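Worksheet for the structure shown next.
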Amino acid sequence: MSSIPSLHIAMIGTRGVPANYGGFETCVEEVGARLAEKGHAVTVYCRESYYKDRPPAYKGMELVYLPNIEKKALDTISHTFLSMLHAAFRSYDVYMVFNAANSPTVFIPRFLGRKVAINTDGLEWKRGKWGKIAKKYYLFSEWLSARLATRIVADSPGIEAYYRERYGTQSSVIAYGAELMETRNARLLDKFGLAPNEYFLQITRFEPENHPLLTMQAFKRLKTEKKLVLVGGVRYGSDYFKQMESELTDNIIMPGYIYDKDVLNELWCNCYAYIHGNEVGGTNPALLQTMAAGCFTIAIDVPFNHDVLKDCGLFFEKSPESLAGRMEWALAHAGDLGPYKEKCRRRIGQYYTWARVSDQYEELFFELARGKEALYGKKISK
C-alpha cells in the first residue's frame, strides 16, 4: 500500500453523519472516521432535511449537505443524484455508494471513468412495504448495480451468492460491525418503567418483513410478568403500524424511535431476551448490536440470520406459535442462557469489529484505485 499513501473517498447514498438513523449511516461513520484517522480524505454527502446543525466536518470527515425531496420514493435517489453531480467536479479516487436503489446515478462517475463500489444492502424487492412498481424498480436496480459498479459489496455470504448466481458477478464480502457493550447506567431504564432482566426487546423499523406485529402476538400468548419493548417506528404512516397499535396492552411498550446511544446501550444490555424478526437482507446491524451486548437472542429462521448468529441463539419459524414457544423456553431456562450470551460476544469480537470491517474497506478501496475491477460476468482479478 505504500505506493498509494492516501486516497480521496466519497461516501454517497446515506442520510449522512452523525449516524442517527440506521445501519448504513453507522457504517459510514465508523468506517469513515477510521479511514480518516489513517490519513485518507473522506467526504460524506448528507441530506439537508435530516440535520438542523450542519458542521463542515465530523470525526475527521468532510461533510457536504445537499437537498433531498422528502417523499418516500424520492428521498434517497434525489439526494444521491445531486451528490453525484457535485462529486463529478471533484477528484475522488473511489466512490462508495450505499443502496442498490441508487444504481441509476452511478452512470455519472462511470462515464467519467471513476471507480465505484456499491453496497447493495439486502433484497429490497422482497420487503412488504413496496408495491409492484417499486419491487420492479429494486430488481432493475440490482441488475444495473451488477453491470455499472466497479465492484459490488455484499454484506453477507448469502448476498454474495445471490449476485453471483443471479447476475453472474463477483462481490467483495464485507459485513457490518459492532463494538462490545456493557451496562453503565441502568437507571436510564427508569423513564420507561423498566427493570433489568424484566423485559423482552426488539429494535427495528415497523415493517412487515421485520415482524414486530408477530412479536406482539407471540408475547400475548405468554403467561409472564415481564414486559415487551418495541423500539422503532415508521417514517411514513402505514396500515401495518395501525395493526400494531390495535395490539397494544399495558405490558407492551412502544417508545418510538430512540437515537440516544446511551439509552439504547442500556436497553440492549439489560433485556431478558432479544427478538430479531428481520427476514430480508444480509448481515443486519441490529442483530450484531444485540450479540455485542451479550443478549440471549431469538431470531427468525432465515439463512442470513444463520450466517451471523450460528449456534449462539435460537431460531423461530414465521408464526406467533413458534416464537411464543421459544420465548417460553427462555423463561423456563433462565439458568441456561449465559453460555449463549458469551458465545455471542466472542463471535462479535472475532469476526465483526468495526476495526476489522474498516480494514476490509480500505483494502477494497486500494484494489479499486489500482485497477482491480469486478464487472458483470467477470471474476475479481487477484
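The values are calculated or read from the model by the stated rules, or taken from the named source; none is laboratory data. Note that this is a predicted model, so its numbers are computed, not measured. All Cβ positions, glycine included, derive from the backbone under ideal geometry; neighbour counts span all protein chains shown. Accessible surface is based on the protein model in full, side chains and every heavy atom, while ligands, DNA and RNA are left aside. Shrake-Rupley method; radii C 1.70, N 1.55, O 1.52, S 1.80 Å.
On the stretch given as region 309-321, residues that are without any contact (Cβ under 8 Å) to a residue 24 or more places away in the chain and either on the phi > 0 side of the Ramachandran plot or open to solvent by 40 Å² or more (accessible area, probe 1.4 Å) (or both) total 1.
Take region 1-56 and flag every residue that is closer than 21 Å to HIS79 by Cα, small (Gly, Ala, Ser) and touching a strand residue (DSSP E or B) at 6+ places or on another chain (Cβ under 6 Å). Of everything in region 1-56, those that are closer than 21 Å to HIS79 by Cα, small (Gly, Ala, Ser) and touching a strand residue (DSSP E or B) at 6+ places or on another chain (Cβ under 6 Å) turn out to be ALA10, GLY13, GLY16, GLY32. Filtering region 298-308 to residues that are surrounded by fewer than 24 Cβ atoms within 10 Å (Cβ to Cβ) and either in a helix (DSSP H, G or I) or touching a residue at least 40 places away in the same chain (Cβ under 8 Å) (or both) leaves ILE300, PRO303, HIS306, ASP307.
Among residues of region 360-382 that are farther than 17 Å from ARG147 by Cα and among the polar types (S, T, N, Q), those with a Cβ under 8 angstrom from a residue that is crowded, with 17+ Cβ neighbours inside 10 Å and at pLDDT 50 or above, sequence gap 6+ or separate chain, pair up as GLN360/SER172; GLN360/ILE174. Out of all the residues in region 33-43, is one or more open to solvent by 10 Å² or more (accessible area, probe 1.4 Å) and assigned to a strand (DSSP E or B)? Yes, region 33-43 contains a residue that is open to solvent by 10 Å² or more (accessible area, probe 1.4 Å) and assigned to a strand (DSSP E or B). Out of region 342-355, which residues are surrounded by fewer than 15 Cβ atoms within 10 Å (Cβ to Cβ) and among the basic types (Lys, Arg)? Correct list: ARG346 only.
Out of ALA324, ALA286, one residue alone is in contact (Cβ under 8 Å) with a residue 40 or more places away in the chain, assigned to a helix (DSSP H, G or I), of a type in the set (A, V, I, L, M) and over 26 Å from ALA186 (Cβ atoms). It is ALA324. Checked against (1) over 19 Å from the mean Cα position of the chain (by Cα); (2) among the aliphatic types (A, V, I, L, M); (3) modelled with pLDDT under 95, ILE253 passes all but condition (3). Evaluate the following for ARG184: is it assigned to a loop (DSSP other than H, G, I, E, B) and among the charged types (D, E, K, R)? For ARG184, the condition - assigned to a loop (DSSP other than H, G, I, E, B) and among the charged types (D, E, K, R) - is met.
So which residues in region 249-275 are over 15 Å from ARG205 (Cβ atoms), of a type in the set (Val, Ile, Thr) and open to solvent by less than 40 Å² (accessible area, probe 1.4 Å), if there are any at all?
Of region 249-275, the ones over 15 Å from ARG205 (Cβ atoms) are 249-253, 260-263, 265-274.
From what is left, the residues that are of a type in the set (Val, Ile, Thr) are 249, 252-253, 263.
Passing the criteria: ILE252, ILE253, VAL263.
Scanning region 189-236 for residues that are out of contact with any strand residue (DSSP E or B) (no Cβ under 7 Å at 6 or more places or on another chain), among the hydrophobic types (A, V, I, L, M, F, W, C) and closer than 18 Å to ALA293 by Cα yields LEU189, ALA195.
Anything in region 48-97 that is charged (D, E, K, R) and in contact (Cβ under 8 Å) with a residue 12 or more places away in the chain? List them, or say none.
GLU48, LYS59, GLU62, GLU70, LYS72, ASP75, ARG90, ASP93 - these are the residues of region 48-97 that are charged (D, E, K, R) and in contact (Cβ under 8 Å) with a residue 12 or more places away in the chain.
Can you say whether VAL106 is closer than 21 Å to ILE159 by Cβ, open to solvent by less than 60 Å² (accessible area, probe 1.4 Å), at pLDDT 95 or above and of a type in the set (A, V, I, L, M), as far as the supplied structure shows? It is true that VAL106 is closer than 21 Å to ILE159 by Cβ, open to solvent by less than 60 Å² (accessible area, probe 1.4 Å), at pLDDT 95 or above and of a type in the set (A, V, I, L, M).
When region 217-256 is examined, which residues are found to be of a type in the set (Phe, Trp, Tyr) and in a helix (DSSP H, G or I)?
At the first step, the residues of region 217-256 found to be of a type in the set (Phe, Trp, Tyr) are 219, 236, 240-241.
Listed by number, the residues that qualify are PHE219, TYR240, PHE241.
The single condition among (1) at pLDDT below 95; (2) not in a helix (DSSP H, G or I) that LYS318 does not satisfy is (1). The single condition among (1) modelled with pLDDT of 95 or more; (2) open to solvent by 60 Å² or more (accessible area, probe 1.4 Å) that GLY338 does not meet is (2). Inspect all residues belonging to region 207-215 and state whether any of them is touching a Pro at 6+ places or on another chain (Cβ under 7 Å), closer than 30 Å to GLU124 by Cβ, open to solvent by less than 10 Å² (accessible area, probe 1.4 Å) and outside any loop (DSSP other than H, G, I, E, B). No: zero hits. Being crowded, with 23+ Cβ neighbours inside 10 Å and not in a loop (DSSP other than H, G, I, E, B) is not true of TYR65. Within region 223-248, residues that are open to solvent by less than 80 Å² (accessible area, probe 1.4 Å) have Cβ atoms under 7 Å from residues that are of a type in the set (Gly, Ala, Ser) in these pairs: GLY233/GLY256, counting only partners at least 6 apart in sequence or on another chain.
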